[in-house]
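Okay, structure first, notes after.
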Amino acid sequence: MFFREFLLVFLLLEATLAGPEEKEGVKYADKCEACKILATELQARLTETGKSHDVIEIGYSVDDVKPKKKKEYRRSELRLLESLENVCERILQYNIHKERQDSTRFAKGMSQTFQTLHGLVDKGVKVDLGIPLELWDKPSAEITNLKTQCESLLEEYEGTIESWYFKHQDNVPLMQYLCEERALMGQSHKCLYEVVQEKGDSGKKDEL
């Protein structure tokens, strides 16, 4: 069993460091992947905040004679601002799953590689990756770069996101509206539909 685990780690690390990628096996996200994750995280945040059925009052009047306008929180600018706040920070919860080759390598949770490595360390095996153990789970260069790309996309397409939120959130998915139809117009967007394959799954969805 030990030899099998060690062999798995060796093969995974070898695959990580091989190929015409950037130095040290680093492979940064492309625009499709960055947009996909921004849309995923913003949609998740909106889902979290969209459960409220509160009604908020907007506007003000000096003499308090004119009544304040009431607006459903779910469709308010306040909800959008709260959802956008720190949305790119959520990317720091991601890790690189280098046992995967497509956009699904960016995902939350510990990768198969590091699960195995931590398992070996827990058994008393000395594993030397060239970095201290306490840094193993820190955001990698790919993740910090992805966060930066997210912030750039958010700034560039702020108006697009607002238009979707106020006019189209009920009938068009954010990923389609923001990424496929605008940010990636005329470019490959097949990464948007890549999903993690369960064991025994015969293949991916058809690529566009």
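Looking at Lys51, Lys68, Lys108 in this structure, which one is modelled with pLDDT under 70 and open to solvent by 80 Å² or more (accessible area, probe 1.4 Å)?
On the way: Lys51 fails: modelled with pLDDT under 70; Lys108 fails: modelled with pLDDT under 70.
Residue meeting the stated conditions: Lys68.
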Quiz item: Gln187 versus (1) open to solvent by less than 60 Å² (accessible area, probe 1.4 Å); (2) in a loop (DSSP other than H, G, I, E, B); (3) at pLDDT 95 or above; (4) over 16 Å from Ala39 (Cα atoms): which is the lone unmet condition?
Solution: (1)
Quiz item: Looking at region 138-173, which of the residues that are touching a residue at least 40 places away in the same chain (Cβ under 8 Å) and not in a helix (DSSP H, G or I) is most open to solvent (accessible area, probe 1.4 Å)?
Solution: Pro173
Self-check item: Test result for Gln93, closer than 29 Å to Cys32 by Cα and at pLDDT below 95
Solution: yes
Exercise. Among the candidates Arg45, Arg100, Arg75, single out the residue that is at pLDDT below 95, closer than 19 Å to Phe166 by Cβ and over 12 Å from the mean Cα position of the chain (by Cα).
Key: Arg75
Quiz item: In region 79-101, what count of residues is obtained for those that are open to solvent by 10 Å² or more (accessible area, probe 1.4 Å) and of a type in the set (Ser, Thr, Tyr)?
Solution: 1
Quiz prompt | Pairs where the first residue, in region 174-187, is under 11 Å from Ile161 (Cβ atoms) and touching a residue at least 12 places away in the same chain (Cβ under 8 Å) and the second is among the polar types (S, T, N, Q) and surrounded by fewer than 20 Cβ atoms within 10 Å (Cβ to Cβ), C-beta under 8 Å, 6+ apart | solution = Leu174/Gln43; Tyr177/Thr160; Leu178/Thr160; Arg182/Thr160; Ala183/Thr160
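The values are calculated or read from the model by the stated rules, or taken from the named source; none is laboratory data. Remember, predicted model here, so these are calculated numbers, not experimental data. All Cβ positions, glycine included, derive from the backbone under ideal geometry; neighbour counts span all protein chains shown. Just so you know, the surface numbers come from the protein's heavy atoms only, side chains and all, with ligands and any DNA or RNA stripped out. Shrake-Rupley method; radii C 1.70, N 1.55, O 1.52, S 1.80 Å.
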